[in-house]
Amino acid sequence: MAFTSSWWTARLRSGLDRSTADRLVSSLAKRTVAGADGRRDIPRAALYDLARCGDTAAAQFAVAAWGTGTNALDRARQAGFLEDSVASGRHAGMDRAVKAAPAGLAAMWDAHFTRPFPQGFGQASFGTKWLHAAGWEAVPDDGPRPVVFDKFVHRVLDVCAKIPLPYPGPPSEAVRDGWMEWCQLATDAAVGGLTAADVERAVFDHRRGCPAHAGSGACPNST
């Protein structure tokens with residue numbers, strides 16, 4: 001995902017003290033990699049690193065920046081949430097899922113979705129982005145990997161793969177079970193050198209060229 005460093009720097013300096021804003025931007029910028037057309041991209045490895053570094057504000061920022069990319073509306077909303085979380089200290093709750101990760105997916109979910117959760121991460125979409133970052137390198141090796149479960153992934157699973165899982169909106173026991181089932185499916189599908197994250201990304205990307213998501217026909221891969 002592209003990292004819009006100049007936008008984030010200007011925005012966070014307007015809502016936080018300059019030293020905090022610059023520290024957050026720098027913590028992620030130094031972990032980006034060269035992308036296409038001279039841009040800098042945020043690798044998932046940067047999320048895993050920051051999730052476990054002990055700086056919960058930087059960890060929240062990294063997932064917010066990665067999860068929104070260049071989407072102007074989502075980016076502005078997450079920037080506001082981040083500023084509120086830093087001002088209130090609510091970002092400290094980001095470490096609950098990290099500490100729970102060795103106990104598995106259900107423990108991570110329950111630990112994260114315990115009020116008060118960090119601003120912007122109370123829905124399954126961004127909540128599971130955080131669980132992916134917090135648990136990818138820490139959940140038990142013999143269990144499913146934590147992957148992202150948002151509306152785009154859900155729609156491809158529902159429309160194209162005919163896998164009916166609870167819609168990933170507000171967290172609930174049913175949505176938690178749906179997320180865990182999706183994590184297991186992605187883990188089981190990761191063969192031939194792929195990871196569950198590769199499978200998740202392929203599902204996410206599928207909608208871009210699929211007529212079922214453009215309103216122009218059925219999915220050619222649907223059976």
Quiz item: From the set of residues in the range 126-144 that are in a loop (DSSP other than H, G, I, E, B), touching a residue at least 60 places away in the same chain (Cβ under 8 Å) and not aliphatic (A, V, I, L, M), which is surrounded by the fewest Cβ atoms within 10 Å (Cβ to Cβ)?
Solution: GLU137
Self-check item: Close pairs (7 angstrom Cβ cut-off, 6 or more residues apart or separate chains): open to solvent by 70 Å² or more (accessible area, probe 1.4 Å) in the range 173-192, aliphatic (A, V, I, L, M) anywhere
Solution: GLU181/LEU165
Quiz item: Does any residue in the range 200-223 that is more than 15 Å from LEU157 (Cβ to Cβ) come within less than 7 Å, Cβ to Cβ, of a residue that is exposed (fewer than 11 other Cβ atoms within 10 Å of the Cβ) six or more places away or on a different chain, and which pairs are these?
Solution: PRO211/GLY217
Quiz item: Just checking, which of ALA97, ALA103 is on the phi < 0 side of the Ramachandran plot and either within 14 Å of the chain's Cα centre (by Cα) or open to solvent by less than 20 Å² (accessible area, probe 1.4 Å) (or both)?
Solution: ALA97
Quiz item: So is VAL98 of a type in the set (Val, Ile, Thr), more than 30 Å from LEU16 (Cα to Cα), in contact with a helix residue (DSSP H, G or I) (Cβ under 7 Å, 6 or more places away or on another chain) and not assigned by the TED database to the domain that holds LEU24 or not?
Solution: no
Quiz item: With respect to the numbered conditions (1) in the same structural domain as LEU28 (by the TED database); (2) hydrophobic (A, V, I, L, M, F, W, C); (3) open to solvent by 40 Å² or more (accessible area, probe 1.4 Å), which one is the sole condition not fulfilled by ALA65?
Solution: (3)
Quiz item: Give me the pairs: first residue in the range 29-46 and open to solvent by 70 Å² or more (accessible area, probe 1.4 Å), second residue acidic (Asp, Glu), beta-carbon distance under 8 Å, and six or more apart or on different chains, which are they?
Solution: ALA34/ASP41
Self-check item: Number of positions in the range 50-79 that are acidic (Asp, Glu) and under 21 Å from GLY89 (Cα atoms)
Solution: 1
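The values are calculated or read from the model by the stated rules, or taken from the named source; none is laboratory data. None of these values were measured; they are calculated from a predicted model. Positions of Cβ are generated from backbone atoms using ideal geometry, with glycine treated the same way; all protein chains shown enter the neighbour counts. Please note that ligands, DNA and RNA were not included when accessible areas were found on the heavy atoms of the full protein model with its side chains. Shrake-Rupley method; radii C 1.70, N 1.55, O 1.52, S 1.80 Å.
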